[in-house]
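Visitor: Encoded as structure tokens, here's the structure I'll be asking about.
The values are calculated or read from the model by the stated rules, or taken from the named source; none is laboratory data. Note that the coordinates shown come from a computational prediction; the quantities given were computed from them, not determined experimentally. In this analysis, Cβ positions are derived from the backbone assuming ideal geometry, glycine residues included, and neighbour counts consider all displayed protein chains. To get the accessible areas, we keep the full protein, side chains included, count just its heavy atoms, and leave off ligands, DNA and RNA. Shrake-Rupley method; radii C 1.70, N 1.55, O 1.52, S 1.80 Å.
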Amino acid sequence: MVPWKLPAELALWVTRLDAMLHRRLAGRLGTVLVGMLFAQGRRTVASWLRAAAVGQKFPAYYYFLGSLGRKVDLVASALLHLAVQVIAPGNCLLLALDDTPTKRYGPKVQGAGIHHNPTPGPADQQFLYGHVWVTLALLVRHPLWHTIGLPLRALLYVRRKDITKLPRRTKVRFRTKLEMAGELIAWTAQRLQWLGKTMWIVVDGAYGKRPVLKKAKANNVVVVSRLRKDARLYDVPKPVRQRRPGRPRKYGTPISLAKRGAHPRGWQTATFTLYGKAEIKTYKSFVATYPPAGGAIRVVIIKEADGWVAFFATDPQASVAQILEAVADRAAIEQDFHDVKEIHGAGQQQVRNYWANVAAYHLNLWLHTLTELWAWARPKEELCDRSISPWDDPERRPSHADRRNALRRSCIEKEFRDAQAHQPLSRKLHRVFTGLLRMVG
């Protein structure tokens, strides 16, 4: 089997990530990533190593996963720095955070347990057995392809009752999802502090709670999230002259969000760019104080066909457009979850060790991000050819699967180009090679 090589630019990036690991592990990260890129069938670790042609050295790569799992924060830090260097950030950095499950099978998979199923499907399966990953992604806006998510790091959530089942040498303590989210926010803020940029993070309504908001406020991160209709809001207290000693009032009179949403007056209409197209929205916006946020927030109520929905930002100076765009951009992390599972096969790796599972999930995240970084500045014609699918929309942006296939074609083409340099191919063989290259998918 041919040991394919990554393009020079991508190989250099992988070398930078590899430098975060112990030198005795040097080179193994790139080998595993190549195997992941060309693996066929079910994406087990065995299929990775088979595609990478490691041969009799396969035990060392299984042990490598356990070592990598304990160092994912270092590699993810290097990848985060790489991402903001390849894609120049604007005045504001936008991140997204959410959790997603990966189904597993077998009673001896460390860290696995029974969790609520966010997508029950036609079978209405309310629970699933597997892992739950609290995942962080950097959101970037491509000039042509709208918002793209770059997943970077995740923390494995293990229920309190399942922590005792882990071996003591794992050294894992119980943390709630909210605590993990706060840890990821602090981790990102500390590593991007050198940029001097404003940082926003958009989260699901389940994460717009006090532990996350408190951690974000301590790290000067603006949180955008959905607001419950029964949220306890207060008016901004008017400044008054203090007649007695003590702190001034922090919260004013109570506000009923339900009454404001149902009131027929005060609505405004404007056009916003959401999901890559202009949309007209009817909204209300006001500043309120919110105890979980520890102060003032900007509230935006959007009127929909079936009612209304409310969002908030912990920066009271935020505009309605900024909040709605951030909420719309959060869909990118949901697309990331789909891609890392359906395209890269996250959750299919048949490993039992806790740290090996952590490494396997992160490898899928990192390959996704490296593929997006490699394809960022490339023209659409290089990434996909819609002419072979005349029924498809020619204006549709290249999917992540298209970008991954373009990367695979680039690796194969490089090998053939190198071989052709020594002995040029005939015109017929060149046509055969070109036809085979277009079939890589």
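Visitor: Can you give the net charge of the other residues whose Cβ lies under 9 Å from the Cβ of residue 258, counting K and R as +1 and D and E as -1? Please report the intermediate quantities before stating the final value.
Guide: Numbers: positive: 229, 259, 260; negative: 230.
Net local charge, residue 258 excluded: +2.
Visitor: Still on this model: Going down the list 71/171; 177/215; 103/341; 238/259, which pairs span over 19 Å between their C-alpha atoms?
Guide: Working: 71/171 14 Å; 177/215 13 Å; 103/341 10 Å; 238/259 22 Å.
The pairs that break the limit, which is 19 Å between Cα atoms, are 238/259.
Visitor: Kindly rank 132-138, 339-345 from highest to lowest mean number of other beta carbons found within 10 Å of each residue.
Guide: Per-residue mean Cβ counts within 10 Å order the peptides as 132-138, 339-345.
Visitor: Considering only protein heavy atoms and a 1.4 Å probe, what is the carbon-and-sulfur percentage of the accessible area of the chain?
Guide: Accessible surface attributable to carbon and sulfur in the chain totals 53 percent.
Visitor: Using the Karplus curve 6.51 cos²θ - 1.76 cosθ + 1.60 with θ = phi - 60°, what ³J(HN,Hα) values do you get for each residue of region 384-395, in whole Hz, with x for Gly and Pro?
Guide: 8, 10, 7, 5, 7, 10, x, 7, 7, 6, x, 8
Visitor: Figure the gain on full extension for residue 218 and residue 204 (residue separation times 0.36 nm, minus the Cα-Cα span) and round it to one decimal in nm. Working shown, then result.
Guide: Values: separation 14, 0.36 × 14 = 5.04 nm, distance 1.99 nm.
This chain segment gains 3.1 nm when fully extended.
Visitor: Using per-residue counts of other Cβ atoms within 10 Å, averaged over each peptide, order 33-46, 190-203, 106-119, 141-154 from highest down.
Guide: 141-154, 33-46, 190-203, 106-119
Visitor: Out of residues 5 or more away from residue 158 or on other chains, whose amide H comes under 5 Å of its own, with H placed 1.01 Å from N in the peptide plane?
Guide: Amide H neighbours of residue 158: 175.
Visitor: Sticking with this one: How far apart, in nm, are the 7 Å Cα→Cβ label points at residue 73 and residue 391?
Guide: 5.1 nm
Visitor: Let me ask something else about it. Could you give me the ³J(HN,Hα) list for region 67-79, computed from phi with Karplus coefficients 6.51, -1.76, 1.60 and θ = phi - 60°, whole Hz, x at Gly and Pro?
Guide: Going residue by residue, I get 5, 5, x, 7, 10, 5, 5, 5, 5, 5, 5, 5, 5 Hz, with x marking Gly and Pro.
Visitor: Same structure again: Please give the residues of region 195-213, grouped as numeric ranges, whose backbone N is less than 18 Å from a label point set 7 Å along the Cα-to-Cβ vector of residue 81.
Guide: From region 195-213, the list is 195-197.
Visitor: Taking the Cα of residue 377, stepping 7 Å toward and past its beta carbon, and measuring to each backbone N in region 86-109: which are under 12 Å?
Guide: Residues 86-88 qualify, since their backbone N sits under 12 Å from the label point.
Visitor: Residue by residue, what Karplus-based ³J(HN,Hα) values in Hz, rounded to whole numbers, does region 409-415 have, using 6.51, -1.76 and 1.60 with θ = phi - 60° and x for Gly and Pro?
Guide: 4, 5, 5, 5, 4, 4, 5
Visitor: By how many nm would the segment from residue 265 to residue 5 lengthen if fully extended, with 0.36 nm per residue of separation less the alpha-carbon distance?
Guide: 87.3 nm
Visitor: Just grab the label-to-label distance for residue 287 and residue 303, each label 7 Å out from Cα along the Cβ direction, in nm (one decimal).
Guide: So the two model labels end up 2.6 nm from each other.
Visitor: Can you list which of the chymotrypsin sites (Phe, Trp or Tyr not before Pro) found in region 342-395 are DSSP loop residues with at most 13 other C-beta atoms within 10 Å?
Guide: Values: sites: 354, 355, 361, 366, 374, 376, 391; in loops: 376, 391.
Counting only loop positions with at most 13 other Cβ atoms within 10 Å, the chymotrypsin sites (Phe, Trp or Tyr not before Pro) in region 342-395 are 391.
Visitor: Just to confirm, what accessible area per residue do you get for the chain at 1.4 Å probe, in whole Å²?
Guide: Heavy-atom SASA per residue in the chain reads 52 Å².
Visitor: From the square roots a ≥ b ≥ c of the eigenvalues of the alpha-carbon gyration tensor of region 25-114, which class results: rounded (a/c under 1.5), prolate (a/b over b/c), or oblate? List each step's numbers first, then the result.
Guide: Values: a/c = 2.05, a/b = 1.37, b/c = 1.50.
Note, shape of region 25-114 comes out oblate.
Visitor: What net charge is computed for the residues neighbouring residue 22, neighbours being all others with C-beta under 15 Å from the C-beta of residue 22, Lys and Arg scored +1, Asp and Glu -1? Please report the intermediate quantities before stating the final value.
Guide: Working: positive: 23, 24, 28, 70, 71; negative: 18, 73.
Residues close to residue 22 contribute a combined charge of +3.
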